[in-house]
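**Q** Take a look at the following structure, please.
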Amino acid sequence: MQGGIRSEYTFRTISLVEQNKDFTIDRWDFFPTIHTSYKFSEGTQMMASYTRRIQRPHGGELEPFYTWIDANNVRTGNPDLLPQLIDSYESGIQTFISEVSLSAEIYHRVTNNKVEHIRSVYNGENVNLDSVANIGKDFSTGAELMLIFDPVEFWNVNLMANLYDYRIEGVLYEEPFSRKSFNWNSRFNNMFKIGPNTQAQVNMNYNSPTVSSQGRWEASYSADVSVKQDFFEKMLSLTLQIRDIFRTGKHEFSSSGPDFYTYNYFEREAPVVILNVRFNFNNYKPNREKGEPENQNEVEEF
């Protein structure tokens with residue numbers, strides 16, 4: 001068992017000189033943590049924990065000025081934003097079934113002072129205003145499963161699936177609201193050792209539709225491929241990446257309010273091809289005496 005508590009003091013002042021306005025935060029926040037684990041046997045253990053985390057707004061979200069993005073969109077920040085505080089309750093188990101590494105987890109997470117980008121109509125015109133506000137809370141309750149195994153000697157699979165009930169509630173346009181959806185996402189990563197100096201990766205991701213305070217994000221999925229080739233005893237490495245190879249990485253969102261409805265569809269340029277060249281002048285590993293074990297924490301990047 002491990003436990004602890006951390007405290008942070010925040011003092012922030014944003015002054016609008018021409019308007020003679022100050023926006024001040026002067027507060028203490030406390031972050032307790034509890035971690036427990038129980039080992040049943042070699043390679044099998046159960047864990048449970050509670051943590052509280054903080055997520056502070058960045059500068060662009062605090063900037064109070066109006067900025068025209070294009071002829072139909074204006075954005076502004078909110079100097080009165082509070083940081084998000086996330087309470088996370090988790091319990092899980094890790095084990096091996098033959099050569100398969102299995103981990104399963106159930107969780108419940110609550111985000112207080114939930115920050116969302118809010119849409120409205122700018123000055124009664126046919127122009128969207130994008131602002132940001134603390135709208136209330138959101139809740140995520142679900143389970144996550146991860147499998148790591150080698151179907152054959154040269155192929156490593158990392159499969160993750162996350163299913164959860166999502167709910168967001170608060171006050172918007174001075175009216176209470178509550179929206180919910182059942183969400184799931186998955187990640188399917190494949191590593192292939194083609195030869196002693198050649199590796200390849202095929203990664204696929206999927207995110208189901210989900211709700212927000214004003215609307216709904218539609219499903220999205222993408223696939224990436226990369227190949228790495230080492231030369232001259234790994235002194236030279238070439239990595240070729242192709243991102244969003246099937247051109248499916250889109251963002252589709254609809255939102256509505258008392259006096260508007262919008263539908264947005266963003267499709268990025270794809271596929272994106274990247275060639276990375278890396279030359280190592282030195283491997284930076286100290287000489288070891290014969291029989292001295294190597295550092296088990298050294299991990300090669302790919």
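The values are calculated or read from the model by the stated rules, or taken from the named source; none is laboratory data. Quick caveat, the model's predicted, so the values are computed rather than measured. Cβ: placed from backbone, ideal geometry, glycine included. Neighbour counts: every protein chain shown. In case anyone asks, the SASA skips ligands and DNA or RNA and just uses the protein heavy atoms, side chains included. Shrake-Rupley method; radii C 1.70, N 1.55, O 1.52, S 1.80 Å.
**Q** Specify the residue with the greatest mean-square fluctuation among Gly257, Gly142, Gly59, computed from a Gaussian network of the chain linking alpha-carbon atoms under 10 Å apart.
**A** For the chain, modelled as a Gaussian network with Cα springs under 10 Å, the answer is Gly59.
**Q** Which residue, chosen from Leu145, Thr13, Asn207, occupies the Cα position most advanced towards the positive end of the dipole of the chain, where the dipole is computed from +1 (Lys, Arg) and -1 (Asp, Glu) charges on Cβ about the Cα centre?
**A** Checked the options; the winner is Leu145.
**Q** Moving on to the next point. Assigning unit charges at the beta carbon (Lys, Arg +1; Asp, Glu -1) and nothing else, what dipole magnitude in debye, to the nearest 20, does the stretch 146-286 show about its Cα centre?
**A** Its charge dipole is roughly 480 debye.
**Q** Quote the charge dipole size of the stretch 126-207 about the Cα centre in Debye, to the nearest 20; the model charges only the Cβ of Lys and Arg (+1) and of Asp and Glu (-1).
**A** Rounded to the nearest 20 debye, it is 180 debye.
**Q** With point charges of +1 on the Cβ of Lys and Arg and -1 on the Cβ of Asp and Glu, referenced to the Cα centre of the chain, which listed residue (Pro64, Ile97, Ala223) lies farthest in the positive direction of the dipole?
**A** Value computed over the given set: Ile97.
**Q** Considering the options Val127, Phe23, Gln241, tell which one lies farthest towards the positive end of the dipole of the chain, charges being +1 on Lys and Arg and -1 on Asp and Glu at the Cβ, about the Cα centre.
**A** Of the candidates, Gln241 comes out farthest on the positive side.
**Q** Once amide H atoms are built 1.01 Å from N in the peptide plane, which residues 5 or more positions from Thr248, or in another chain, come under 5 Å H to H?
**A** Under 5 Å from the amide H of Thr248: Ala223.
**Q** Let me check against my output: what whole-number percent is the relative contact order of the chain, with C-alpha pairs under 8 Å and at least 6 apart?
**A** On the way: 702 pairs, mean separation 26.3, N = 302.
About 9 percent, as a whole number.
**Q** Considering the Cα positions of the stretch 7-115, please state its Rg to one decimal place and its Dmax as a whole number of Å.
**A** 21.7, 69
**Q** Right, here's the next one. How large a share of the accessible area of the chain, in percent, is made up of carbon and sulfur atoms when the probe is 1.4 Å and the other protein chains stay in place?
**A** Within the chain, the accessible surface is 54 percent carbon and sulfur.
**Q** Ok, one more. Determine the calculated [θ] at 222 nm for the chain from helices alone, applying -39500 (n - 2.57) to every DSSP H run no shorter than 4 residues and normalising by the residue count; nearest 500 deg cm²/dmol.
**A** One gets 0 deg cm²/dmol as the mean residue ellipticity at 222 nm.
**Q** Please report, in debye to the nearest 20, how large the charge dipole of the chain is about its Cα centre when each Lys and Arg carries +1 at its beta carbon and each Asp and Glu carries -1 there.
**A** Dipole size: approximately 240 debye.
**Q** So which of Lys21/Lys114; Lys193/Lys234; Lys180/Lys250; Lys137/Lys180 end up more than 19 Å apart, counting from Cα to Cα?
**A** Violating the 19 Å limit, Cα to Cα: Lys21/Lys114; Lys180/Lys250.
**Q** Next question. Only Cα pairs under 8 Å and at least 6 apart count here; give the relative contact order of the stretch 162-238 as a rounded whole percent. The partial results should precede the final answer.
**A** Numbers: 144 pairs, mean separation 18.2, N = 77.
Over the stretch 162-238, the number comes to 24 percent.
**Q** Starting at the first residue of the stretch 183-196, write each ³J(HN,Hα) from the Karplus equation 6.51 cos²θ - 1.76 cosθ + 1.60 with θ = phi - 60°, in whole Hz, x for Gly and Pro.
**A** Per-residue couplings from phi come out as 10, 7, 9, 9, 9, 10, 9, 10, 10, 10, 9, 6, x, x Hz.
**Q** Please list, by residue number, everything in the stretch 145-181 whose backbone N is under 15 Å from a paramagnetic label point 7 Å out along Cα→Cβ of Ser98.
**A** Once the point is set 7 Å along Cα→Cβ of Ser98, 148-153, 157 turn out to lie under 15 Å by backbone N, inside the stretch 145-181.
**Q** So which aspartates and glutamates pass the test for Lys228, namely a Cα distance under 17 Å, with those fewer than 8 places away in the same chain ruled out?
**A** Glu300, Glu301
**Q** If you roll a 1.4 Å probe over the heavy atoms of the protein chains, what accessible area per residue do you get for the chain, in Å²?
**A** 66
**Q** Taking all pairs of different Cα atoms in the stretch 1-50, averaging 1/r and flipping that mean, what Kirkwood radius in angstroms comes out?
**A** Every distinct Cα pair counted, the radius reaches 14.7 Å.
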